[in-house]
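Quick notes on the structure that follows.
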Amino acid sequence: MIGLNITYFLIGLLVLIGLYLLWLYNSLVRVKTRVQEAWSHIDVQLKRRIDLIPNLLETVKGYAKHEKGIFENVAKARSAMLGAKTVKESEEADNMLAGALKTLFAVAENYPDLKASDNFKELQDELADTENKIAYARQFYNGNVRDFNIMIKSFPNVLIASALGFAPAEFFEAEKGEREKPEVKF
């Protein structure tokens, strides 16, 4: 009778462990899928920005024909963005593109006719809207990465998650220069 109770206890314990492992695996898959979904939101907005850039370049080229180096830098940054495969590559290409676009807009300041152009204003507004969407998508992605990384690093999940092939996800971080306090001079 005691042996039978121990057997039932062990079977019950194994069933509970099995149910926990099933729950843990499904939870990890669900949270990892949220991370992938959040990344796709960033990717969509980055692609939207990439699609706006040729129109912006064409508009600016009409006014600033001698600024060839700037156009080449923007085109190079856009190509890097299109070729990015990982979060780190996308992050680096995004920073490169942001810098190139800042330079482009700085040059546009020298052309009053360009600044007054409705097409340029519309493209600039679209780009600003896209930048806001990218910022929100990055925040959403990083929140999901945080939740996923906490889940796979928490005990006892840490013992099982790596065995199931779950590795920490990378955050989409700002470049060092973006973290520094801007210098304002009048």
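Between Tyr136 and Asn5, the modelled label-to-label distance comes to 6.1 nm, taking each label 7 Å out from Cα in the direction of the beta carbon. Here the Karplus relation 6.51 cos²θ - 1.76 cosθ + 1.60, evaluated at θ = phi - 60°, turns the backbone of region 147-161 into coupling constants of 4, 5, 5, 4, 5, 7, 9, 7, 7, x, 4, 4, 6, 9, 4 Hz, with x for every Gly and Pro.
Rounded to the nearest 10 degrees, what's the angle between the helix 87-108 long axis and the longest principal axis of the chain, both from Cα atoms, 0 to 90? In the chain, helix 87-108 runs at an angle near 20 degrees to the longest axis.
Along the chain, the longest continuous region that contains none of the trypsin sites (Lys or Arg not before Pro) in a DSSP loop with at most 14 other C-beta atoms within 10 Å is 86-184.
Just list whichever of Lys32/Lys76; Lys32/Lys121; Lys85/Lys153; Lys102/Lys153; Lys32/Lys88 have alpha carbons separated by over 29 Å in the model shown. Pairs exceeding the cut-off: Lys32/Lys76; Lys32/Lys121; Lys102/Lys153. Computed from Cα positions, the angle between helix 68-83 and the longest principal axis of the chain comes to roughly 20 degrees.
Where a number appears in this text, it was derived from the coordinates with a stated rule and is not lab data. Note that this is a predicted model, so its numbers are computed, not measured. Here the Cβ is made from the backbone with ideal geometry for all residues, glycine too, and neighbour counts use every protein chain on show.
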